[in-house]
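In what follows, a structure is listed as structure tokens, so that the remarks can point back to it.
The values are calculated or read from the model by the stated rules, or taken from the named source; none is laboratory data. Keep in mind the model is a prediction, meaning the values are calculated, not measured. For neighbour counting, all protein chains shown are included, and Cβ atoms are generated from backbone atoms with ideal geometry for every residue, glycine included. Areas reflect the complete protein model, heavy atoms only, side chains present, ligands, DNA and RNA absent. Shrake-Rupley method; radii C 1.70, N 1.55, O 1.52, S 1.80 Å.
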Amino acid sequence: MSLPLQAWAEALDGTTRVAGVIGWPVRHSLSPPMQNAALAALGLNWVYVPFAVAPEQVGAAVAAIRAFDLVGLNVTIPHKPAVVPYLDELSPEAEALGGANTIVHREGRLLGYSTDGEGFLRSLREIGEEASGRRIALIGAGGSARAVALALCRAGATSLTVVNRTVAKAEALAESLAQLVPGATLAAVGLETPAAQEAVTGAEVVVDSTAVGMYPHHEVDPVVPAAWLHPGQVVCDLTYNPRQTVLLQAARQQGARTLDGTGMLIHQGALALELWSGQTAPVGVMREALLAALANRTPGG
Ligand code: NAP
């Protein structure tokens, strides 16, 4: 059964269950409009709310899942690693990454998952592309890079080169991926180097996981020169505000295919909803709600 959003809101009653997202801050989160639209479409008597949780309150917030019998929580920056000690079990991805973005409350147990990497893979598949058998250049070595890199390697990328401003962080990420995915072909290079140019130019898939070009600092130079990009490549940016980052604009001008960060955001949320509900997430509804919220809320959207 699908209800219009307003009717669904009016239907909340004593049996309504709660899911949500914890972060610090959390007011920027686009998950509430996206997930509530999905809950309405599925006709679930649930509501999804944002909780601003200070770092010293993370343990109490996770304990509240049991106290309030929550369906579960999404976890955003900076709490993904911090929730881990309070969980009963971790998925292989959450275990490998040392962090969870989704907590499922099932029969009194708290299960931690990381849906970011698979969310990115789904967004790539959605445009008819894949990681398997591809040479990949991943720019950035932070939290999102780690999740996406692990998923790309496990999906069978031919090779993955981590390109980062701080080369030591690229090396650390490549070394940890080598432990997690034995047999993966990995390299690490500094951002403004001939090796970076070679890696990016030679890549079939380029993924930018830095926040370079994110609103309100969206009018900057792309993280790599446009001349490094060319037709036949897929250039992906995890940043979703604005959707058309300077990098994606440059990539398009160079004749490359592009993928913006909204797909990953939608699919990591869809995977979380599927874990909580056991139902197929209404991805189209989630996309529509997310894009509307993005357009309404920020000039950069
Ligand atoms: P993070 O952990 O802080 O990592 C930031 C990375 O960007 C680091 O590798 C850093 O390099 C690099 N960087 C920062 N400023 C730079 C600059 N001026 N030039 C070159 N490199 C620079 O951040 P994150 O959590 O991974 O998030 C990164 C981006 O991904 C954000 O825009 C976020 O919104 C987006 N994201 C999107 C999704 C989605 O669902 N679409 C999910 C997660 C994140 P150093 O190591 O040298 O500092």
Selection from the range 161-180 of residues among the hydrophobic types (A, V, I, L, M, F, W, C) and surrounded by fewer than 20 Cβ atoms within 10 Å (Cβ to Cβ) yields V167, A168, A172, A178, L180
Positions within the range 67-82 being within 16 Å of the ligand (Cβ to nearest atom) and either polar (S, T, N, Q) or open to solvent by less than 10 Å² (accessible area, probe 1.4 Å) (or both), in sequence order
N74, V75, T76, H79
Could you check, for the range 174-182, whether at least one of its residues is more than 25 Å from Q249 (Cα to Cα) and either among the acidic types (D, E) or near the ligand (Cβ under 8 Å from one of its atoms) (or both)?
yes
Can you say whether G112 is open to solvent by less than 10 Å² (accessible area, probe 1.4 Å) and without any contact (Cβ under 8 Å) to a residue 60 or more places away in the chain, as far as the supplied structure shows?
yes
Output the residues belonging to the range 4-54 that are of a type in the set (V, I, T) and open to solvent by 20 Å² or more (accessible area, probe 1.4 Å).
T15, T16, V18, V47, V49
Taking W228 as the residue in question, decide whether it is more than 16 Å from the chain's Cα centre (by Cα), among the aromatic types (F, W, Y) and under 20 Å from Y113 (Cβ atoms).
no
Unique residue being surrounded by fewer than 17 Cβ atoms within 10 Å (Cβ to Cβ) and hydrophobic (A, V, I, L, M, F, W, C) when the list is A293, A227, A281, A289
A227
Could you identify the single residue in G143, G98, G108 that is out of contact with any strand residue (DSSP E or B) (no Cβ under 8 Å at 6 or more places or on another chain) and at negative phi?
G143
Assess whether L73 counts as being within 16 Å of the chain's Cα centre (by Cα) and either at pLDDT below 95 or farther than 25 Å from C236 by Cβ (or both).
yes
Which one of these does V47 not meet: (1) out of contact with any Leu (no Cβ under 7 Å at 6 or more places or on another chain); (2) within 28 Å of A295 (Cβ to Cβ)?
(1)
Selection from the range 199-212 of residues surrounded by fewer than 22 Cβ atoms within 10 Å (Cβ to Cβ) and more than 15 Å from the ligand (Cβ to nearest atom) yields T201, G202, E204
Have a look at G263, G190 and point out the one that is within 28 Å of S29 (Cα to Cα) and touching a strand residue (DSSP E or B) at 6+ places or on another chain (Cβ under 9 Å).
G263
Mind counting the residues in the range 117-159 that are near the ligand (Cβ under 10 Å from one of its atoms) and farther than 28 Å from E198 by Cβ?
1
